[in-house]
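Asks: I'd like to ask some things about the structure below.
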Amino acid sequence: EVAPVSTIPMALPPRFLIHFGSIGAVKGSDWLAEALPIVWESAPEFAMVWAGRERISGEMDRYRASWGRSASNVVWLSAIAKPLMYAVLKCAEAAVLPSRVDNLPNTVIESLQLGVPVIGSAGASIDELVESDRSGDLVPIGDTCALAQTMLRVWRRQAPWQGAGFVAPSVLAEFAPEVAAGNLIRLAGFVA
């Protein structure tokens, strides 16, 4: 349990979506990197913040090279401390977390707990957390156009789950430490 810092010491775009955590193909970073030029065709001002650890050194440099002049629309924060990460995350309009494989997507849980909607993949356990049209949206794994279109909906403020339309999934209550600990104790048979 970590509280966000009260002041963000770096410049961020006025509006942005965020991709954070482990940066690599398994987490869908390459898929997102391919979708961005499609987004920029329709919304050249579209901005993102990426933060985390590269699974393969130099991965961000390769993505940036593929984005050309639009690369400046992506702020790369690298790995930052959790309190700062949470403060940045809270400023995002949505988290883009299109994992190909996951079993317990912490980045999705953290986003939803902070009230940040998630654009994720349909599968990879994200669909067990994100409720389409309530707490975010799900796109088919590898569907670059669907991912780009969903990001554009958010940018144009057309997603029903943005702002006041966001409804946190009821499953989040199970992740509260006191609830999770109690469930584990009951499962272990220490409490009737």
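Asks: Go through the range 172-189 and count every residue that is part of a helix (DSSP H, G or I), free of Cβ contacts under 8 Å to residues at least 12 places away in the same chain and out of contact with any Asp or Glu (no Cβ under 9 Å at 6 or more places or on another chain). Walk me through how you get there before you give the answer.
Replies: Here is the first cut: in the range 172-189, the residues part of a helix (DSSP H, G or I) are 172-175, 177-187.
Add one more test, that the residue is free of Cβ contacts under 8 Å to residues at least 12 places away in the same chain, and what stays is 173-174, 178-187.
Still in the list and also out of contact with any Asp or Glu (no Cβ under 9 Å at 6 or more places or on another chain): 173-174, 178-179, 181-182, 184-187.
Total satisfying the criteria: 10.
Asks: How many residues, within the range 1-46, are open to solvent by 10 Å² or more (accessible area, probe 1.4 Å), within 18 Å of the chain's Cα centre (by Cα) and free of Cβ contacts under 8 Å to residues at least 60 places away in the same chain?
Replies: So the count comes out to 3.
Asks: Among the residues of the range 151-170, count how many are free of Cβ contacts under 8 Å to residues at least 40 places away in the same chain and part of a helix (DSSP H, G or I). Spell out the reasoning first.
Replies: In the first step, residues of the range 151-170 are kept if they are free of Cβ contacts under 8 Å to residues at least 40 places away in the same chain; the result is 153, 157-158, 160, 163-165, 167, 170.
Narrowing the set further to residues that are part of a helix (DSSP H, G or I) leaves 153, 163-165, 170.
Residues flagged as free of Cβ contacts under 8 Å to residues at least 40 places away in the same chain and part of a helix (DSSP H, G or I) within the range 151-170 amount to 5.
Asks: Among the listed residues Val88, Val96, Val75, which satisfies the condition of being among the aliphatic types (A, V, I, L, M) and open to solvent by 10 Å² or more (accessible area, probe 1.4 Å)? I'd like the intermediate steps shown before the answer.
Replies: Numbers: Val88 fails: open to solvent by 10 Å² or more (accessible area, probe 1.4 Å); Val96 fails: open to solvent by 10 Å² or more (accessible area, probe 1.4 Å).
Val75 is the lone residue from the list that is among the aliphatic types (A, V, I, L, M) and open to solvent by 10 Å² or more (accessible area, probe 1.4 Å).
Asks: Let me ask something else. Considering the range 47-60 alone, what residues qualify as being in a loop (DSSP other than H, G, I, E, B) and surrounded by 15 or more Cβ atoms within 10 Å (Cβ to Cβ)? If you could, list the steps in order and put the result at the bottom.
Replies: Applying the first criterion (in a loop (DSSP other than H, G, I, E, B)) to the range 47-60 yields 47, 55-58.
Within the range 47-60, just Ala47 meets the criteria.
Asks: Of everything in the range 143-190 that's of a type in the set (Lys, Arg) and at pLDDT 95 or above, which residue is surrounded by the most Cβ atoms within 10 Å (Cβ to Cβ)? So that I can check it myself, show each step before the final result.
Replies: Restricting attention to the range 143-190, the residues satisfying the condition of being of a type in the set (Lys, Arg) are 153, 156-157, 186.
Imposing the further condition that a residue be at pLDDT 95 or above reduces the set to 153, 156-157.
Working: Arg153: 17, Arg156: 11, Arg157: 10.
The qualifying residue surrounded by the most Cβ atoms within 10 Å (Cβ to Cβ) is Arg153.
The values are calculated or read from the model by the stated rules, or taken from the named source; none is laboratory data. In this text, all values refer to a predicted model and were calculated from it rather than measured experimentally. Positions of Cβ are generated from backbone atoms using ideal geometry, with glycine treated the same way; all protein chains shown enter the neighbour counts. To get the accessible areas, we keep the full protein, side chains included, count just its heavy atoms, and leave off ligands, DNA and RNA. Shrake-Rupley method; radii C 1.70, N 1.55, O 1.52, S 1.80 Å.
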